[in-house]
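Throughout, read-outs are computed from the coordinates displayed, never taken from laboratory work. Because the structure is predicted, anything quoted here is derived from the model rather than measured. Note that each Cβ is placed from the backbone with ideal geometry, even for glycine, and that neighbours are counted across all protein chains shown.
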Ligand code: SAM
């Protein structure tokens, strides 16, 4: 029997994330006409998972859009670098809304970027979003255009290989940049993920870093998450190093950032506007509110920023 390599197990987590986003989008939680183009075998998720996916998306999208608005208001060019982007569709959503940054970069393993680049080439719903003049590179594992670039790279070599590859494709460390890492750092040894966060704090003077990460490995629910990772032979160090909101926030201070915050998904959900909660209830009833809150307390968004000009951002403000 062929045992999958540790990297291929981590790469497969992208399929799960994409199916969940597709499920929540098709149920009507949010509008994403692109994600279904990237899913091979769609599946319907439970209301708990759909709502968790919704909270993750709302929190991150609010931060992204506020960052872009803040740059635009001050007439500053902006960049987004999505680390471990998988089949994330944020670029396509922002581009459709005419809100895309000056340059949107994505990095993931070549195995994953090759599939994404192939889908973009094959699916007109995706391809038509790109501006004329784009090309593929590195044997079809990369896509290069003036405002959207997909790079094949291993984040464990961030400074030595990923940063030079980004800079070859136009990444400018002097510009305001949002680094996005959605459910990715957990899969890296903290030595590697900390090195990325530290590098950004030291080399990108106007920067924001946003992560979505699981937390709370020590209680009963957390133990289930741990077992699930162990069963798939996924390294636990990423989860154990920053196990709660306080350590997720402190991590940034320790790695050189002047400001940081963290919020769990149960808190974000509880603070949604009443009209939005009613809309969600109309999509599907959530009988398992307790289960959802338990789930929500085990995932968080953490965000840090350094800037003399950009204002403080908040995942609850649309
Ligand atoms: N960010 C996407 C999202 O939220 O839909 C994908 C999340 S998926 C759970 C984790 C992603 O991180 C996968 O696409 C995986 O290939 C990528 N990843 C994990 N470790 C990586 C590494 N060392 N280098 C590049 N990508 C990595």
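Before moving on, here are some points about what is shown:
- Beta bridge orientation in the chain: antiparallel %, DSSP, nearest 5: 50 percent
- Taking the number of Cβ atoms within 10 Å of each Cβ as an exposure proxy, the fewest-first ranking of 136, 113 is 136, 113.
- For the pair residue 73 and residue 49, label points projected 7 Å from Cα toward Cβ lie 3.8 nm apart.
- At R0 = 41 Å, FRET efficiency that the Cβ-Cβ distance of residue 224 and residue 174 yields, to 0.05: 0.35
- The modelled label-to-label distance between residue 203 and residue 236, using points 7 Å beyond Cα along the C-beta direction, is 3.3 nm.
- Gained length - residue 309 relative to residue 7, 0.36 nm times residue gap less alpha-carbon distance: 104.8 nm
- As a proxy for reagent exposure, ranking 145, 20, 8 by other Cβ atoms within 10 Å from fewest up yields 8, 145, 20.
- Separation in nanometres of the label points that stand 7 Å from Cα toward Cβ, at residue 253 and residue 125: 4.5 nm
- Annotation: Cα Rg of the range 136-201 relative to the compact-globule expectation 2.2 N^0.38 Å equals 1.15.
- Extension gain from residue 135 to residue 96, taking 0.36 nm per residue of separation minus the Cα-Cα distance: 12.0 nm
- The calculated FRET efficiency for residue 156 paired with residue 111, based on their beta-carbon distance and R0 = 22 Å, is about 0.90.
- Relative exposure of 225, 118, judged by other C-beta atoms within 10 Å (fewest first): 118, 225
- Label-zone membership for the range 37-65, site residue 287, 7 angstrom Cα→C-beta point, backbone N under 20 Å: 44-52
- Overall size of the range 6-306 from C-alpha positions, given as principal axis extents largest first: 50, 43, 42 Å.
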